1. Using modelled amide H (1.01 Å from N, peptide plane; none on Pro or chain starts), what sits under 5 Å from the amide H of ILE9, excluding residues fewer than 5 places away?
2. What does the extension gain come out to for THR50 and ASN21, with contour length at 0.36 nm per residue minus their alpha carbon separation?
3. Could you give the length gained on full extension between GLU64 and LYS36, defined as 0.36 nm per residue of separation minus the Cα-Cα distance, in nm?
4. Could the peptides 10-19, 36-45 be put in order, highest first, of the mean number of other beta-carbon atoms found within 10 Å of their residues?
5. Using the heavy atoms of the protein chains and a 1.4 angstrom probe, tell me the accessible area per residue for segment 1-57 in square angstrom.
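The values are calculated or read from the model by the stated rules, or taken from the named source; none is laboratory data. Everything quoted here is computed from the prediction, not taken from an experiment. Neighbour counts are summed over all protein chains in view; Cβ atoms, including those assigned to glycine, are modelled from backbone coordinates with ideal geometry. Just so you know, the surface numbers come from the protein's heavy atoms only, side chains and all, with ligands and any DNA or RNA stripped out. Shrake-Rupley method; radii C 1.70, N 1.55, O 1.52, S 1.80 Å.
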Amino acid sequence: MEKSSKTIIRLLGIDYPVIYNDSEERMQQIGFYVDKEFNEVKLRNSKLSTTMIATLAAINIADEFFKQKEGISNERHNKRYYWICNFLCFQSA
């Protein structure tokens, strides 16, 4: 059985304890990547709630994952993401 360890990752300025089976360096890299994605969404519209930021970032990350899995190149700032963000921002305003 693999040994579990605990570390802290910071997302949008909030520390989250995480238990992991991989290296701490890898967990920190994952945390940094997720935080970067959250901040990119937040920069597009600072009025979004944390939940909306996390939801849109999760959609973006999942889309990147499936594109890589399918071998499709990913254009980072696809118009579709702006449309989703602008639509949701308009709805939440």
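1. When sequence neighbours closer than 5 places are left aside, the close amide H contacts are TYR16, VAL18.
2. Contour length minus Cα-Cα distance gives 7.7 nm.
3. Values: separation 28, 0.36 × 28 = 10.08 nm, distance 1.41 nm.
Working it through step by step, the gained length comes to 8.7 nm.
4. Working: 10-19: 11.6, 36-45: 16.4.
Highest-to-lowest ranking by the protection proxy: 36-45, 10-19.
5. Working: 4030 Å² over 57 residues.
Result: 71 Å² of accessible area for each residue.
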